[in-house]
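Have a look at the structure below, then the notes.
The values are calculated or read from the model by the stated rules, or taken from the named source; none is laboratory data. Since the model is a prediction, treat every value here as computed from it, not as a measurement. Please note: Cβ atoms are built from the backbone with ideal geometry, for glycine as well, and neighbour counts cover all protein chains shown. SASA here: full protein model, heavy atoms, side chains in, ligands and nucleic acids out. Shrake-Rupley method; radii C 1.70, N 1.55, O 1.52, S 1.80 Å.
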Amino acid sequence: MSGVALFVAVFLACAVEAVEAATIVLAAGTARDWRSAAMGLVTALAALVAIVAALGPALSVAPLGGLRLVVGGLLLVFGLQWLRKAILRAGGHRASRDEDEVYRREVAAASAATSRRLGSVPDWYGFTLSFKGVLLEGLEVAFIALTFGTNANNVPLAGVAAGCAVVVVGVAGAAVRGPLARVPENAMKLVVGIMLTAFGTFWGAEGAGAHWPGDDAALPGILALLALTSLAAVRVLRRQRVAAGMAPA
């Protein structure tokens, strides 16, 4: 797996998760209290660092064959879920994710909650909302970076890609102080779904003892096949809606 492919795959996947986390943090800060939201963000990042520090060495000593089988299966689960949703959205059978709408919904829920101070945290609701959002999305970022990096024998590069994605999204969110609605998240999810499914298929088969023709050279072929199949599925779904005279979801 080339360094460029590894960097792009990890960066895009982590950027999608970072956009969703940023939306939650912005909602917590806007509707509740920026100090509490920032404290939740920092606490979640500290927890993620501890989790990565504990899991990183464990993954590095695991048998590569068994690791690829397990990781390949997990990537297939994530990838196929993302790919299915992205195809349905692109085909008009499922509403696209709207960060503006998500942001408004989170702000409304946060505004309706009661305020409570706990220790040095001015607003406990804003703290927990930010903490949970960053921790849950951050766990997916850590999983993607660690598994991709371990399987490609280049954890540092995967870590740099994940860090770059988080920094880029974080700086953009801080600059606009609002949801990153202009980020083509649904298109990114289609691309990431294809990539995760391809890597999951490739590594899972290798972990089960299969040998791909051309070894790593088979991966671009798997990516191309999945991309063509996904685009064909989108086209079929769109034609079905047109033929039925239905408006997009």
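Figure legend. Inter-residue proximity from region 10-25: first residues within 15 Å of Y103 (Cα to Cα), second residues of a type in the set (S, T, Y), beta-carbon distance below 6 Å, spacing 6+ or different chains. Indicated pairs: T23/Y103; V25/S130.
A Cβ distance below 8 Å, combined with a sequence gap of six or more or placement on separate chains, defines the contacts here; from region 202-226, residues that are touching a residue at least 60 places away in the same chain (Cβ under 8 Å) reach residues that are surrounded by fewer than 18 Cβ atoms within 10 Å (Cβ to Cβ) and in a loop (DSSP other than H, G, I, E, B) in the pairs F202/W212; A205/W212; E206/W212; D216/M1; L219/M1; L219/W212.
Residue by residue, here is whether (1) β-branched (V, I, T); (2) surrounded by 13 or more Cβ atoms within 10 Å (Cβ to Cβ) holds:
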position	(1), (2)
M195	no, yes
F202	no, yes
A205	no, yes
A210	no, no
P213	no, no
G221	no, yes
L225	no, yes
V234	yes, yes
R238	no, yes
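If you go through region 1-52 and keep only what is acidic (D, E), open to solvent by 10 Å² or more (accessible area, probe 1.4 Å) and part of a helix (DSSP H, G or I), you end up with just E20. Checked against the criterion of being touching an Asp or Glu at 6+ places or on another chain (Cβ under 9 Å) and either of a type outside the set (G, A, S) or open to solvent by less than 20 Å² (accessible area, probe 1.4 Å) (or both), the candidates I87, I144 yield just one match: I144.
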